[in-house]
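*Asks:* Got a structure here, written out as structure tokens. Questions coming.
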Amino acid sequence: MELEHEQELVERAREDDAAFVTLYDFYFPKIYAYVYKRCGHQQTAEDVVSVAFTKVFTGLGTYNAQSGSFKAWVYRIATNVLIDHYRKQGRRPKEAEIPEGYDIEHKDAERADDRVDRKIDRGRIEHVLKQLPEKDQEILQLKFFAELSNIEIAQALGISANNAGVRVYRSLKAFKKQYQSYVEA
């Protein structure tokens, strides 16, 4: 689901707190899930997301739609706040498990054996993702968990769209190779 008339809403949010609340309500669960996936700790995720949205709110006047989408801008802020957090902590983030039910929208409608199969697949994916280098994990999480386009990934990471596409391709290739060796073992 995408916000209709997002750019108009962003413009209104510069002066109207209710418009910002709409943006916040839409992006909060997405940003929280992304940050939680990166850090694996609820309190850290809550702190980072809180700081990130404070920066979004206070920096709304500096956002320029011609520099990229609002979505990419918000993810970039969240990513930078998380990086700053770990710089201050002096350690790298630990990967979290994929949240239970993340990819199951109609859990009640599914049969029990389908849920078991999904849980097994989720476990395999988690294991393989943790084996990849940090940069590959980040790209794949932005692409598939945050559902950003290559252009939005480029904007969020401050790289060219071409570079983002290449990194997604290479990360997927590395994931596929790692996944196949894990499944065959």
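Values in this text are rule-based calculations from the coordinates and carry no lab data. Since the structure is predicted, the reported quantities are computational estimates derived from the model, not experimental observations. So basically every Cβ, Gly included, is an ideal-geometry build from the backbone, and we count neighbours across all protein chains shown.
*Asks:* So for the pair Asp47, Asp84, with labels modelled 7 Å out along Cα→Cβ, what separation do we get in nm?
*Replies:* 1.4 nm
*Asks:* Which GluC sites (Glu not before Pro) in region 1-45 pass both tests, a DSSP loop state and at most 14 other beta-carbon atoms within 10 Å? Walk me through the numbers before you get to the answer.
*Replies:* Details: sites: Glu2, Glu4, Glu6, Glu8, Glu11, Glu15; in loops: Glu2, Glu4, Glu15.
For GluC sites (Glu not before Pro) across region 1-45 that sit outside H, G, I, E and B with at most 14 neighbouring Cβ atoms in 10 Å, the list reads Glu2, Glu4, Glu15.
*Asks:* If you don't mind, there's one more thing I want to ask. So if the hydrodynamic radius of region 1-73 is defined as the Kirkwood radius over C-alpha pairs, what does Stokes-Einstein give as its diffusion coefficient at 37 °C and 0.692 mPa s, in µm² per second? Please report the intermediate quantities before stating the final value.
*Replies:* Details: Rh = 12.8 Å.
D, rounded to a whole number, is 256 µm²/s.
*Asks:* Which FRET efficiency value, to the nearest 0.05, is calculated for Ser181 and Glu15 with the Förster distance at 45 angstrom and r the Cβ-Cβ distance? Present the calculation step by step, with values, prior to reporting the outcome.
*Replies:* Details: r = 55 Å, r/R0 = 1.22.
That gives a FRET efficiency of 0.25.
*Asks:* Can you give the FRET efficiency to the nearest 0.05 for Thr54 and Glu6, using r as the Cβ-Cβ distance and R₀ = 22 Å?
*Replies:* Numbers: r = 20 Å, r/R0 = 0.92.
The computed FRET efficiency comes out at 0.60.
*Asks:* What per residue convex hull volume, in Å³, do the alpha-carbon atoms of region 1-40 yield?
*Replies:* Values: hull volume 2.9 nm³, N = 40.
Spelled out: Cα convex hull of region 1-40, divided by residues, is 74 Å³.
*Asks:* Holding the Cα-Cα limit at 27 Å, pick out from Lys55/Lys177; Lys143/Lys176; Lys37/Lys176 the pairs that are longer than that. Write down the numbers at each step before the final one.
*Replies:* Working: Lys55/Lys177 39 Å; Lys143/Lys176 15 Å; Lys37/Lys176 20 Å.
Cα-Cα > 27 Å for Lys55/Lys177; rest within.
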